[in-house]
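The values are calculated or read from the model by the stated rules, or taken from the named source; none is laboratory data. On a predicted model such as this, the values are computed, not experimentally measured, just so you know. Virtual Cβ from ideal backbone geometry, glycine too; neighbours counted across all protein chains shown. To get the accessible areas, we keep the full protein, side chains included, count just its heavy atoms, and leave off ligands, DNA and RNA. Shrake-Rupley method; radii C 1.70, N 1.55, O 1.52, S 1.80 Å.
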Amino acid sequence: MKTMRKLVAVVLCMILCLSLLPTTVFAEGEIAVPGQTVSVSDTAANQNWYGGWQKRDGKWYFIDAAGNKATGLCKDDKGVTYYFDANGVMQTGWQKIGGGWYYFDGSGAMQTGWVKSGGKWYYLSSSGVMQTGWVKSGGVWYYLNTSGAMQTGWVKVGGVWYYMNANGAMQTGWQYLDGKWYFLDGSGAMRTGWVKASGKWYYLGESGAMLTRTVIHTDSGIYAVGDDGAMLTNTTVQTTDGTHYHFGADGRCDNRY
């Protein structure tokens, strides 16, 4: 009998000790939060909330120890930034804040760098603001239109044509596109007219496409280019109408008959 009484006393003591331990509350089994109960005045019937992350009616809130709902841009102790609307509801997806666009993933975390949304790529600065126009990332130039979407293919900026590959990277030098050669200078701008590359002269038409196997009439004289597009020198060519052209060392026609 004494043994039984001792056992009951031990059990009661253990239950009493456990009841005195601090508790940890889980918001619908998803996020652990402090177990402090606070009063949030703007809720129906002034119901009690637990401080920290809370999920109510499918929406996430963050409540501080004083019972205030977080609003606006807020950074947690791990450096992750979240955005809460005026009612304290955590937001996801695209949000316009102070004139700039930001993107928050499904967990509510603010994103930076490259983000793919709706099948398009966007670039967000280190502060989270969506960028437009020229952006240099990883040593490579990209162009983002006014909606922030990364561009590919031919892009006209300020009256100048540029070419972006399938990954959006701006290209330079010779590019073979749709069966034609184009030349993009060091700034990426498409060239027209005469271009010197690897010690040879080439002529690019108004569309930027390199001309081949033809006689070219310019304000400075008559020239010709061969099958590879390079300017011909010290040679005579005959056109389909029977005209003969002789081109000197500088490539200019010095005799025609």
Subset of segment 140-154 that is surrounded by 17 or more Cβ atoms within 10 Å (Cβ to Cβ) and free of Cβ contacts under 8 Å to residues at least 24 places away in the same chain - its residue that is nearest to residue 184 (Cα to Cα): 151
Residue 171, sole failed condition from (1) surrounded by 11 or more Cβ atoms within 10 Å (Cβ to Cβ); (2) over 30 Å from residue 123 (Cβ atoms): (2)
Kindly list, by first and then second residue, each pair from a residue in segment 159-172 that is on the phi < 0 side of the Ramachandran plot and modelled with pLDDT of 95 or more to a residue that is part of a loop (DSSP other than H, G, I, E, B) and among the acidic types (Asp, Glu), limited to pairs with Cβ atoms under 9 Å and residues at least 6 apart or on different chains. 172/185
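From the list 125, 137, which one is in contact (Cβ under 8 Å) with a residue 24 or more places away in the chain and open to solvent by less than 50 Å² (accessible area, probe 1.4 Å)?
Details: 125 fails: in contact (Cβ under 8 Å) with a residue 24 or more places away in the chain.
Every option except 137 fails the conditions.
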Just one of the numbered conditions (1) part of a loop (DSSP other than H, G, I, E, B); (2) modelled with pLDDT of 95 or more; (3) surrounded by 14 or more Cβ atoms within 10 Å (Cβ to Cβ) is not true of residue 67; which one? (2)
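Could you tell me whether any residue of segment 243-254 is of a type in the set (Asp, Glu), surrounded by fewer than 18 Cβ atoms within 10 Å (Cβ to Cβ) and either part of a strand (DSSP E or B) or touching an Asp or Glu at 6+ places or on another chain (Cβ under 6 Å) (or both)?
Step one: of segment 243-254, the residues of a type in the set (Asp, Glu) are 250, 254.
So of that shortlist, the ones also surrounded by fewer than 18 Cβ atoms within 10 Å (Cβ to Cβ) come out as 250, 254.
Filter once more, keeping what is either part of a strand (DSSP E or B) or touching an Asp or Glu at 6+ places or on another chain (Cβ under 6 Å) (or both): 254.
Scanning segment 243-254, I find at least one residue that is of a type in the set (Asp, Glu), surrounded by fewer than 18 Cβ atoms within 10 Å (Cβ to Cβ) and either part of a strand (DSSP E or B) or touching an Asp or Glu at 6+ places or on another chain (Cβ under 6 Å) (or both), so the answer is yes.
I'd like to verify a number: residues in segment 101-121 that are within 20 Å of residue 89 (Cβ to Cβ) and open to solvent by less than 80 Å² (accessible area, probe 1.4 Å), how many? Steps first, answer last, please.
The initial filter retains those residues of segment 101-121 that are within 20 Å of residue 89 (Cβ to Cβ), namely 101-111.
If we keep only those that are open to solvent by less than 80 Å² (accessible area, probe 1.4 Å) as well, we get 102-111.
Within segment 101-121, residues that are within 20 Å of residue 89 (Cβ to Cβ) and open to solvent by less than 80 Å² (accessible area, probe 1.4 Å) number 10.
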Elements of type strands (runs of 3 or more DSSP E) in segment 200-241, at least 1 residues being within 43 Å of the chain's Cα centre (by Cα), exposed (fewer than 15 other Cβ atoms within 10 Å of the Cβ) and at pLDDT 95 or above: 200-204
